[in-house]
1. Restricting to the range 85-113, give me the number of residues that are out of contact with any helix residue (DSSP H, G or I) (no Cβ under 7 Å at 6 or more places or on another chain) and closer than 13 Å to LYS64 by Cβ.
2. For the range 34-52, indicate whether the set of residues that are free of Cβ contacts under 8 Å to residues at least 60 places away in the same chain, within 30 Å of LEU4 (Cα to Cα) and among the hydroxyl-bearing types (Ser, Thr, Tyr) is non-empty.
3. Those residues that are within 30 Å of ALA113 (Cβ to Cβ) and among the polar types (S, T, N, Q), I need them from the range 1-46; list them, please.
4. I'd like the full set of residues that are in a strand (DSSP E or B), open to solvent by 60 Å² or more (accessible area, probe 1.4 Å) and either more than 30 Å from ALA74 (Cα to Cα) or modelled with pLDDT under 95 (or both), limited to the range 1-48.
5. Take the residues in the range 49-74 that are surrounded by 13 or more Cβ atoms within 10 Å (Cβ to Cβ) and under 21 Å from ILE16 (Cβ atoms); name whichever of them is modelled with the lowest pLDDT.
6. Does the range 1-25 hold any residues that are under 30 Å from ARG66 (Cβ atoms) and among the polar types (S, T, N, Q), and which are they?
7. Answer with yes or no whether PRO161 is part of a loop (DSSP other than H, G, I, E, B), under 16 Å from GLY28 (Cβ atoms) and at pLDDT below 95.
8. Can you confirm whether the range 55-64 contains a residue that is charged (D, E, K, R) and over 26 Å from LEU125 (Cα atoms)?
Amino acid sequence: MAALICSYCGRDTMTIETHEMQLSEPYGGTSTVTISEKVCGHCEFVEDDEANDLAIQKELTALKRRSMMTVLDALNGMGHTNAAMERALGLPARTLARWKNEQTTSPSAAGVALMRIIRTFPWILEVADVQFDKTKARKVLLQAAMDEIVKIGDEHPEVLP
């Protein structure tokens with residue numbers, strides 16, 4: 001096997017080191033990817049391999065898909081149907097099902113962000129359902145806030161006076 005030459009200092013003191021990189025996505029969990037790097041024993045220059053980028057991107061895509069599945073399952077579990085969410089958000093029919101189920105169709109970064117926001121604040125669907133009317137949206141927001149205060153008070157009575 002030929003010696004690896006450092007592209008920075010030109011010495012043949014390169015070794016290949018591997019380490020694990022932890023990746024995570026909101027609502028998608030975590031995953032570990034093994035990364036290989038060439039490290040120069042003389043100047044400590046580190047060369048990255050393009051295969052690392054591909055492995056990281058592949059795993060992030062899988063985590064994003066898992067995130068979307070988790071988000072949609074949670075929203076469905078709260079009683080929101082995909083069709084109702086699509087109508088409220090103005091999405092084409094079966095968009096959410098494709099994002100969740102089809103391996104070849106990935107949601108855009110904006111689509112992923114939108115669904116994560118809705119999962120975090122599901123009352124936003126109700127705002128969308130009333131066509132983002134400002135007065136109605138305020139009512140929805142205040143009702144959601146009151147519901148949350150009551151929930152916190154029930155779960156942690158020591159927090160509220």
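1. Qualifying residue count for the region: 5.
2. Yes, the range 34-52 contains at least one residue that is free of Cβ contacts under 8 Å to residues at least 60 places away in the same chain, within 30 Å of LEU4 (Cα to Cα) and among the hydroxyl-bearing types (Ser, Thr, Tyr).
3. GLN22, SER24, THR30, SER31, THR32, THR34
4. Result: THR15, ILE16, GLU17, THR18, HIS19, GLU20, THR34, LYS38, VAL46, ASP48.
5. So the residue we want is ASP49.
6. THR18, GLN22, SER24, listed by residue number.
7. Spelling it out, it is not the case that PRO161 is part of a loop (DSSP other than H, G, I, E, B), under 16 Å from GLY28 (Cβ atoms) and at pLDDT below 95.
8. Yes, the range 55-64 contains a residue that is charged (D, E, K, R) and over 26 Å from LEU125 (Cα atoms).
The values are calculated or read from the model by the stated rules, or taken from the named source; none is laboratory data. The structure presented is a predicted model; accordingly, all values stated were derived computationally and were not measured. Reconstructed Cβ throughout: ideal geometry from the backbone, glycine too, with neighbour counts over all protein chains shown. Surface areas here come from the heavy atoms of the whole protein model, side chains and all, with no ligands, DNA or RNA. Shrake-Rupley method; radii C 1.70, N 1.55, O 1.52, S 1.80 Å.
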